[in-house]
Amino acid sequence: MTDLELMRLATEARKASYSPYSGFKVGAALLGKSGKVYTGCNVENAAYTPTNCAERTAFFKAVSEGEKEFTAIAIVGGKGEKPADFCAPCGICRQVMAEFCDGDFRILLGNMDNIRVHTLTELLPYSFGKSDVE
Ligand code: THU
């Protein structure tokens, strides 16, 4: 699976975004160590706080299907039809990533024209995790 292929799957997943309140559509494609890809979109709610981000939708799909180790995620977001050049994952999604991923987990941000690659350590330094509570 290439970075561009993962980005294409995230772009495709974004089409299912349920975002009638913000109009901000996000798609994610999460690559498991098994080689399987789990996609997700943001799912909003009239009560606002039950809203789930695209990244967490993908993670929760994967974990609920038995996969708990991952190598990369592609994230595509933006208002309206055209994806922005850069949509960073929110803090809660970064914390969910930290639960299941090592610091070198790759986070691909952008769209089919531009891809920025970061690691989880870059986006969530000094994170709180399993080792703190064990
Ligand atoms: N959103 C995501 O899906 N992922 C992010 O990382 C940032 C924000 C969604 C949540 C909400 O539906 C909309 O974008 C606006 O915040």
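The values are calculated or read from the model by the stated rules, or taken from the named source; none is laboratory data. Predicted model, so just to flag it, every value in this text is computed and none were measured. Here the Cβ is made from the backbone with ideal geometry for all residues, glycine too, and neighbour counts use every protein chain on show. All accessible areas refer to the heavy atoms of the entire protein, side chains included, with ligands and DNA or RNA removed. Shrake-Rupley method; radii C 1.70, N 1.55, O 1.52, S 1.80 Å.
For the chain, the longest stretch holding no trypsin sites (Lys or Arg not before Pro) located in a DSSP loop with at most 11 other Cβ atoms within 10 Å is which?
Longest gap between qualifying sites, sites excluded: 34-134.
Could you work out the equivalent-ellipsoid semi-axes for the chain, taking the square root of 5 times each eigenvalue of the Cα gyration tensor, largest first, in whole Å?
Taking √(5λ) for each Cα gyration eigenvalue gives 22, 17, 14 Å.
Would you tally the net charge around residue 106, using a Cβ to Cβ cut-off of less than 14 Å, leaving residue 106 out, and scoring K and R as +1, D and E as -1?
Local net charge: -4.
Distance check, please: which entries in 25/61; 15/130; 33/79; 15/36; 25/130 exceed 27 angstrom between their Cα atoms?
15/130; 33/79; 25/130
How much accessible area per residue does the chain have, counting only protein heavy atoms and a probe of 1.4 Å, in square angstrom?
Heavy-atom accessible area per residue stands at 54 Å².
What does the charge add up to near residue 78, with Lys and Arg as +1, Asp and Glu as -1, over the other residues with Cβ less than 9 Å from its Cβ?
Summing Lys/Arg as +1 and Asp/Glu as -1 gives +2.
Enumerate by residue number the GluC sites (Glu not before Pro) in region 1-95 meeting two conditions: DSSP loop (anything except H, G, I, E, B), and at most 16 other Cβ atoms within 10 Å of the site's Cβ.
Here the sparse-neighbourhood loop sites are 65, 69, 81.
Relative to the longest principal axis of the C-alpha atoms of the chain, give the angle of the C-alpha long axis of helix 3-14, reported between 0 and 90° and rounded to the nearest 10°.
50
Relative to the first principal axis of the alpha-carbon coordinates of the chain, what is the inclination of helix 54-64, with its axis defined by its Cα atoms, in degrees from 0 to 90 and to the nearest 10?
Its long axis makes an angle of about 50 degrees.
What net charge is computed for the residues neighbouring residue 54, neighbours being all others with C-beta under 10 Å from the C-beta of residue 54, Lys and Arg scored +1, Asp and Glu -1?
Around residue 54, the charge tally is +2.
Just flag the chymotrypsin sites (Phe, Trp or Tyr not before Pro) in region 52-134 sitting in loop per DSSP whose Cβ has no more than 12 other Cβ atoms within 10 Å.
126, 128
Rounded, prolate or oblate: which one fits region 1-76, using the alpha carbon gyration tensor with axes a ≥ b ≥ c (rounded when a/c is under 1.5, else prolate when a/b beats b/c, else oblate)?
Cα axes put region 1-76 in the oblate bin.
For residue 85 paired with residue 48, estimate the spin-label separation in nm (one decimal), with each label point 7 Å from Cα along the Cα-to-Cβ line.
Between residue 85 and residue 48, the simple spin-label model gives 3.1 nm.
What is the angle, in °, between the Cα long axis of helix 91-100 and the longest principal axis of the Cα atoms in the chain? Nearest 10 is fine, range 0 to 90.
Its long axis makes an angle of about 40 degrees.
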